[in-house]
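*Asks:* Take this structure first; my questions come after.
Coordinate-derived values only; no laboratory data. Since the model is a prediction, treat every value here as computed from it, not as a measurement. Backbone-built Cβ (ideal geometry, glycine too); neighbour counts: all protein chains shown.
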Ligand code: SAM
């Protein structure tokens, strides 16, 4: 056994950078032999988070899988299936997410994020793992702003958010400083910061070759800058949740110490259960939560929570950009498509009809002047010659009228649809909602001689 460990250590010292291992010495919870063994022989678990807004035949069966103890919708899968060939995955039935990062569910639940009328910002949001988790947790009277500053990453964020089907969201592509300039308006600020990525070494070998002590320093400076620039957006009494997928103290506890010391935030302790094997760290009065792959079923991760001192007061938003409500004539033309959801308004924007929570319409008008807004609420579709061309977002949303005509596809046809291939349907002409296991997949228009496939071209399955 000893010999085995010696050998695996030697092998790993070559694979994992020596200065990386050395930089972890002395960290709370770090046990070098166990850590190296987990990196040499451990297999990263596969985990998914179910969408609480969606139901389908077979969902209950998935719940027989092993639960992730800190997230009620999270499950480990015994093996990795082909997600690409599962229509339920494309329909937003679940999100494939690393188990440790689902700890956000636990933290936010304890910080009251499920209570009514909260505004949350997910500042570094792409590809959308934390945003879809937030959407599952937030109350139907709350609002989520999901932001991604890197242009090429906004598309995947929009896709994942749209498929999750929550209507109370705004997606922006703005620099964190724009959020700070907006002043205090958020009850929760989630900063899942860009980092050196050492927590994902078991899954991503490129991260190993890119890692260096200089990179850690660089990430730490960037993390401080992002936090400093965006913190003014947090209301007094609001909570910051900071996380990374790095093991480095400079990107974790040292950032926490700086938040408490230089930014005046109050550290918040989270209740954890001993058998979860999460390591609570204590540094200059701050609490941090470390995930080591040798202690639990998950990859390396760090999270810490802080409170901004003071009491929030009611906010009023006034924007220059006025939103035009949808005309009564159009409303009557689309009433077969949309459910009459209390608390939502229909408005017309950039040629599209959109639903958005009525209580946040003036907020949206303000946000349109403040941020680069890419998407807001649920797009219902576009009116063309008195006819609604329904948008994919409506098919993915609970706001779709429950009586809309549906056609349930078998797996083969569902995959043909998702590849945007042609197939036949025995149905009367008109718009149809296609479903798989009774879960909406998207739109098709049945014509007398063919079926037009309206699955979004950019999301079609390519390699299968
Ligand atoms: N929260 C995401 C999730 O759960 O799916 C993962 C976020 S990833 C760890 C960090 C994100 O920060 C990336 O999408 C990256 O593009 C973005 N980012 C990179 N540089 C940034 C900066 N200077 N300011 C804000 N965000 C940045």
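*Asks:* Among the listed residues 78, 120, 91, 99, which satisfies the condition of being buried (at least 22 other Cβ atoms within 10 Å of the Cβ), closer than 26 Å to residue 436 by Cβ and more than 11 Å from the chain's Cα centre (by Cα)? Lay out the reasoning, then the answer.
*Replies:* Numbers: 78 fails: buried (at least 22 other Cβ atoms within 10 Å of the Cβ); 120 fails: closer than 26 Å to residue 436 by Cβ; 99 fails: closer than 26 Å to residue 436 by Cβ.
Of the residues listed, the single one that is buried (at least 22 other Cβ atoms within 10 Å of the Cβ), closer than 26 Å to residue 436 by Cβ and more than 11 Å from the chain's Cα centre (by Cα) is 91.
*Asks:* For residue 412, which of the numbered conditions (1) farther than 21 Å from residue 93 by Cβ; (2) assigned to a helix (DSSP H, G or I) fails to hold?
*Replies:* Failing condition for residue 412: (1).
*Asks:* Let me ask something else about it. State yes or no: is residue 298 over 24 Å from residue 456 (Cβ atoms) and surrounded by 15 or more Cβ atoms within 10 Å (Cβ to Cβ)? Steps first, answer last, please.
*Replies:* Values: over 24 Å from residue 456 (Cβ atoms): yes; surrounded by 15 or more Cβ atoms within 10 Å (Cβ to Cβ): yes.
Against the criterion (over 24 Å from residue 456 (Cβ atoms) and surrounded by 15 or more Cβ atoms within 10 Å (Cβ to Cβ)), residue 298 qualifies.
*Asks:* Which condition number in (1) closer than 30 Å to residue 203 by Cβ; (2) touching a helix residue (DSSP H, G or I) at 6+ places or on another chain (Cβ under 7 Å) is the one that residue 285 fails?
*Replies:* Among (1) closer than 30 Å to residue 203 by Cβ; (2) touching a helix residue (DSSP H, G or I) at 6+ places or on another chain (Cβ under 7 Å), residue 285 violates only (1).
*Asks:* State the number of residues belonging to the stretch 415-439 that are on the phi < 0 side of the Ramachandran plot and part of a strand (DSSP E or B).
*Replies:* We begin by selecting, within the stretch 415-439, every residue on the phi < 0 side of the Ramachandran plot; these are 415-419, 421-429, 431-436, 439.
Next, only the ones that are part of a strand (DSSP E or B) stay: 431-436, 439.
Here the count works out to 7.
*Asks:* Looking at the stretch 87-114, which of its residues are more than 29 Å from residue 222 (Cβ to Cβ) and in contact with a strand residue (DSSP E or B) (Cβ under 9 Å, 6 or more places away or on another chain)?
*Replies:* Of everything in the stretch 87-114, those that are more than 29 Å from residue 222 (Cβ to Cβ) and in contact with a strand residue (DSSP E or B) (Cβ under 9 Å, 6 or more places away or on another chain) turn out to be 87, 88, 89, 90, 91, 92, 93, 94, 112.
*Asks:* May I pose another question? Among the residues in the stretch 126-149, are any in contact (Cβ under 8 Å) with a residue 40 or more places away in the chain, within 7 Å of the ligand (Cβ to nearest atom) and closer than 23 Å to residue 232 by Cα?
*Replies:* Yes: the stretch 126-149 contains one or more residues that are in contact (Cβ under 8 Å) with a residue 40 or more places away in the chain, within 7 Å of the ligand (Cβ to nearest atom) and closer than 23 Å to residue 232 by Cα.
*Asks:* Same structure, new question: When you scan the stretch 386-403, how many residues do you find that are within 22 Å of residue 449 (Cα to Cα) and either assigned to a loop (DSSP other than H, G, I, E, B) or in contact with a strand residue (DSSP E or B) (Cβ under 6 Å, 6 or more places away or on another chain) (or both)?
*Replies:* Residues meeting the conditions: 3.
*Asks:* While we're looking at this one, here's another question. Looking at the stretch 337-364, which of the residues that are in contact (Cβ under 8 Å) with a residue 40 or more places away in the chain and assigned to a strand (DSSP E or B) is farthest from the chain's Cα centre (by Cα)? If you could, list the steps in order and put the result at the bottom.
*Replies:* Kept after step one, since they are in contact (Cβ under 8 Å) with a residue 40 or more places away in the chain, are these residues of the stretch 337-364: 337-339, 341, 343-344, 355-357, 359-360, 362-364.
If we keep only those that are assigned to a strand (DSSP E or B) too, we end up with 338, 344, 355-357.
Numbers: 338: 26, 344: 23, 355: 21, 356: 20, 357: 20 Å.
It comes out as 338.
*Asks:* Out of the residues in the stretch 226-250 meeting the condition of being within 11 Å of the ligand (Cβ to nearest atom) and assigned to a helix (DSSP H, G or I), tell me which one is surrounded by the fewest Cβ atoms within 10 Å (Cβ to Cβ).
*Replies:* Among those that are within 11 Å of the ligand (Cβ to nearest atom) and assigned to a helix (DSSP H, G or I), it is 229.
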